[in-house]
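Q: Quick one: structure below, then a few questions.
The values are calculated or read from the model by the stated rules, or taken from the named source; none is laboratory data. Bear in mind the structure is a predicted one, so any value in this text is a computation, not a measurement. Backbone-built Cβ (ideal geometry, glycine too); neighbour counts: all protein chains shown.
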Amino acid sequence: MKGGPKAIGLVSNICAAGQNLLNEQKIPICWSSTKRLEFLCRLSDRLLLKAKAPNQQDELKGLLSEELESKKPLVFDGEWIDKIDPKFRPHRQYDYESVRGLLRFVRNQWRHLPDGFEEFLGLGSGEHFYGYFDARFPNLFMLSYGAASQVCREERWFEEFR
């Protein structure tokens, strides 16, 4: 990603200021936190669909997962669970060394907000929830979007995110 964090910060500030220089609906970095979370959840669901139907005739089988996992060093080192507050660590098994496992955890936490999470964050809004994960995994969203836009651009679920 050219420009790095400074460029992302600049674009985010332009979006936050409400400038009409950019079509906010089309530029993922300008999306609301809730829309970003919805994208991550839908992407996680798409990855699960692939896992449950391994024999399905799907020319994209495995490509999305491979693309995401190739970006893992840019998302986290070691195991992602180490960056999660001990109060909110999962009770079920996830693959702590994969981006796919992290996406599933984010999806499940958002869809089934754990007890105490709202109080811990101050509010249960999408903005605070997304902020919790974005602070720990700042590259997760854009790298996930990049992978999906390469591999899933023709899929129906991705239409609302183009």
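Q: Just one of Ser98, Ser125, Ser149 is modelled with pLDDT under 85 and among the polar types (S, T, N, Q); which is it? Let's see the steps before the verdict.
A: Working: Ser98 fails: modelled with pLDDT under 85; Ser149 fails: modelled with pLDDT under 85.
Just one listed residue meets the conditions, Ser125.
Q: What are the pairs with Cβ atoms under 6 angstrom where one residue, in region 137-149, is over 7 Å from Val75 (Cβ atoms) and the other, located anywhere, is surrounded by fewer than 21 Cβ atoms within 10 Å (Cβ to Cβ)? Sequence gap at least six, or different chains.
A: Tyr145/Pro28; Ala147/Glu67
Q: Moving on. How many residues does region 72-117 contain that are of a type in the set (Val, Ile, Thr) and under 12 Å from the mean Cα position of the chain (by Cα)? Can you show your working first?
A: Residues of region 72-117 that are of a type in the set (Val, Ile, Thr), as a first pass: 75, 81, 84, 99, 106.
Filter once more, keeping what is under 12 Å from the mean Cα position of the chain (by Cα): 75, 99, 106.
Within region 72-117, residues that are of a type in the set (Val, Ile, Thr) and under 12 Å from the mean Cα position of the chain (by Cα) number 3.
Q: So, restricting to helices (runs of 4 or more DSSP H) that lie completely within region 3-82, which ones have at least 1 residues that are in contact with a Leu (Cβ under 9 Å, 6 or more places away or on another chain), assigned by TED's automatic domain parsing to the domain that holds Gln109 and modelled with pLDDT of 90 or more? Write out each step before concluding.
A: Working: elements: 4-16, 33-52, 63-70, 72-75.
The qualifying helices (runs of 4 or more DSSP H) are 33-52, 63-70, 72-75.
Q: Moving on. Looking at region 85-104, which of its residues are outside any loop (DSSP other than H, G, I, E, B) and either under 22 Å from Leu143 (Cβ atoms) or in contact with a His (Cβ under 6 Å, 6 or more places away or on another chain) (or both)? Please lay out each step first, then the result.
A: So the first thing to find is which residues in region 85-104 are outside any loop (DSSP other than H, G, I, E, B), and the list is 86-88, 99-104.
Answer for region 85-104, where residues must be outside any loop (DSSP other than H, G, I, E, B) and either under 22 Å from Leu143 (Cβ atoms) or in contact with a His (Cβ under 6 Å, 6 or more places away or on another chain) (or both): Val99, Arg100, Gly101, Leu102, Leu103, Arg104.
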